[in-house]
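Shown next, in structure tokens, is the structure this report addresses.
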Amino acid sequence: MYVRLISYQTKPWVTQAHALSIYDEMVEAMERLAGFEGMSLLLNEQAHRAISLSYWEDENSAAAAGPQILPLLLGKAEELVARPPEVSGFELVRQATPHTELVEGIP
């Protein structure tokens, strides 16, 4: 699995509601792309920082989606970010889910 990390410096007035509106639109668009496996959004309102992680089958899938997704993302996020985001990619080596019980509803 390949992970694309995009780090943003948000404008001071950006709230979770603003970030989620863009996140929802992006996920909807990305779900139509080959190799897309999911997305996470991290937000620190006090520090005016956000990070999105998009998960792809492999680096080729992420690269193929880039020309379609990055312009859409940058257009949507332009009003919320203080400067251009930093984009990088990583091979996912290992992933743990420590709270699986909670996710599955097991106390």
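Where a number appears in this text, it was derived from the coordinates with a stated rule and is not lab data. Computed from a predicted structure; not experimentally measured. Neighbour counts run over all protein chains shown; Cβ positions are idealised from the backbone, glycine included.
Result for the chain in a Gaussian network model with C-alpha springs under 10 Å: among Q16, Q95, Q68, the largest mean-square fluctuation is at Q95.
Return the calculated 222 nm mean residue ellipticity for the chain, to the nearest 500 deg cm²/dmol, obtained by summing -39500 (n - 2.57) across DSSP H runs with n ≥ 4 and dividing by the residue count. Calculated mean residue ellipticity at 222 nm is -11000 deg cm²/dmol.
Between E25 and K76, the modelled label-to-label distance comes to 0.7 nm, taking each label 7 Å out from Cα in the direction of the beta carbon.
When the chain is treated as a GNM with alpha-carbon contacts under 10 Å, the residue of R32, R83, R94 showing the greatest mean-square fluctuation is R94. One chain, two ends: R49 and Q68. Fully extended at 0.36 nm per residue, the span grows by 4.4 nm beyond their Cα-Cα distance.
Classify the chain as rounded, prolate or oblate from the Cα gyration tensor: take a ≥ b ≥ c as the square roots of its eigenvalues, call it rounded if a/c is under 1.5, otherwise prolate when a/b beats b/c and oblate if not.
Working: a/c = 1.76, a/b = 1.14, b/c = 1.54.
Oblate.
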